[in-house]
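Colleague: The structure follows.
The values are calculated or read from the model by the stated rules, or taken from the named source; none is laboratory data. These numbers were taken from a predicted model, which means no experiment stands behind them. Cβ placement follows ideal geometry from the backbone for every residue including glycine, while neighbour counts extend to all protein chains displayed. The area values use the complete protein model at the heavy-atom level, side chains included, leaving out ligands, DNA and RNA. Shrake-Rupley method; radii C 1.70, N 1.55, O 1.52, S 1.80 Å.
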Amino acid sequence: MKRLTILLLSIAGASGRTQQTPPNPRPAPISQDELVRRLTVSLDSLSRIDEFSGVTVLAKGGVPVFQMAYGLADRERGIRNNVATAFNLGSINKVFTQIAIMQLAAASKLALDSTLSKYWSDYPNQEVARKITIRQLLRHTSGLGGNIFAAPASGKRNDIRSLRDYLPLFVNQPLQFEPGTKTEYSNAGYVVLGLLVERLSRQNYYAYVKEHVFDPAAMTRTGSFHVDSLPPNTAVGYTHGFESDKPASASLHPNRDDLPGRGSSAGGGYSTAEDLLKFLTALRARRIGNGPPAGLGIAGGSGGMNAVVEGDLPGGYDLVVLANLDPPAAQRVARLAREWLGVAD
């Protein structure tokens, strides 16, 4: 079972929900009052039966028209979620990595259709590096496999603290298929892209995305934090055991032991609903170089985490749903909102 849900947008050529920000948003099929009423009823019901714990914000023109927090950020200490709580984003971090790669391409530091070996001559597996292109890594068509969720050979998951710590988990694996012949979701590919950002920018990946993505959007609560030193007001994830060999009926428990010591360019960073709305606003204003259109739909999830960001929905709405429970806690809410707004999946 994949530990992260599919990223719904690929900047480098694949289709997102919308390809451009419409100059005049499509009208919503229901009134704002009715949309807020339905969100309120549904979230109250889901939180009551412990199927939603987190934050949901619906905004129009960058201004929230609905924002509510539910459930507990820390069940052991009885601390409740609030609208400013930060949550693990899972695979949503991939969009930040995509932007970084596109910025480097725009700066002529890489060509998307060149092979990895051109920019990483000492990549530990040159047989692979000579075959795969940067665009294939972005599109999940490279064939690069391997499990980035395993523990290192001589340690625990929490010992992974840098992008380079992830590399031994997959670098010696053969390609799963001939590059470009099929699509297979690849977290390892996005770790490689993050390391490529470091090589070409001569800057730590985490510092690069802060300077070139988060800072232009004024995203002050977004980053990849060490699991043992999370900032205040950050939600602990709770899982039933998001694995194929564990029953969904298992009791909830913290996901700390399942997490790497620090998230990667493939996922696992943290953010708040407010920061993610700022991200959409900055994309609209083109304050983030080589960013995608704001009309995007992206999601991420794993054990104890689920997050969805939807921009430029009919009626000009943006939606952010963040949960510290297993999928589909956030995706369920976003799916309902899309249905009410007449957006087909």
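Colleague: Would you check if residue 265 is modelled with pLDDT under 95 and either out of contact with any strand residue (DSSP E or B) (no Cβ under 8 Å at 6 or more places or on another chain) or aromatic (Phe, Trp, Tyr) (or both)?
Modeller: In short, no.
Colleague: If you don't mind, another one. For segment 233-245, does any single residue satisfy the condition of being β-branched (Val, Ile, Thr), assigned to a strand (DSSP E or B), closer than 19 Å to residue 320 by Cβ and under 19 Å from the mean Cα position of the chain (by Cα)?
Modeller: Yes, there is a match, as at least one residue in segment 233-245 is β-branched (Val, Ile, Thr), assigned to a strand (DSSP E or B), closer than 19 Å to residue 320 by Cβ and under 19 Å from the mean Cα position of the chain (by Cα).
Colleague: Show the residue pairs meeting these rules: Cβ distance below 7 Å; 6+ apart or different chains; first residue within segment 244-267 and more than 22 Å from residue 74 (Cβ to Cβ) and small (Gly, Ala, Ser); second residue at pLDDT below 70 and surrounded by fewer than 16 Cβ atoms within 10 Å (Cβ to Cβ).
Modeller: From segment 244-267, the pairs are 244/1.
Colleague: Please work out if residue 189 is in contact with a Ser or Thr (Cβ under 7 Å, 6 or more places away or on another chain) and small (Gly, Ala, Ser). Walk me through how you get there before you give the answer.
Modeller: Numbers: in contact with a Ser or Thr (Cβ under 7 Å, 6 or more places away or on another chain): yes; small (Gly, Ala, Ser): yes.
Yes; evaluated as a whole, the condition is true for this residue.
Colleague: While we're here: Within segment 203-211, does at least one residue satisfy the condition of being among the charged types (D, E, K, R) and touching a strand residue (DSSP E or B) at 6+ places or on another chain (Cβ under 9 Å)?
Modeller: So far as segment 203-211 goes, yes, one or more of its residues are among the charged types (D, E, K, R) and touching a strand residue (DSSP E or B) at 6+ places or on another chain (Cβ under 9 Å).
Colleague: Could you run through segment 69-87 and say how many residues are open to solvent by less than 60 Å² (accessible area, probe 1.4 Å), more than 20 Å from residue 225 (Cβ to Cβ) and either free of Cβ contacts under 8 Å to residues at least 12 places away in the same chain or among the aromatic types (Phe, Trp, Tyr) (or both)?
Modeller: 2
Colleague: What helices (runs of 4 or more DSSP H) lie completely within segment 99-181 and have 3 or more residues being within 19 Å of the chain's Cα centre (by Cα) and surrounded by 15 or more Cβ atoms within 10 Å (Cβ to Cβ)?
Modeller: 134-139
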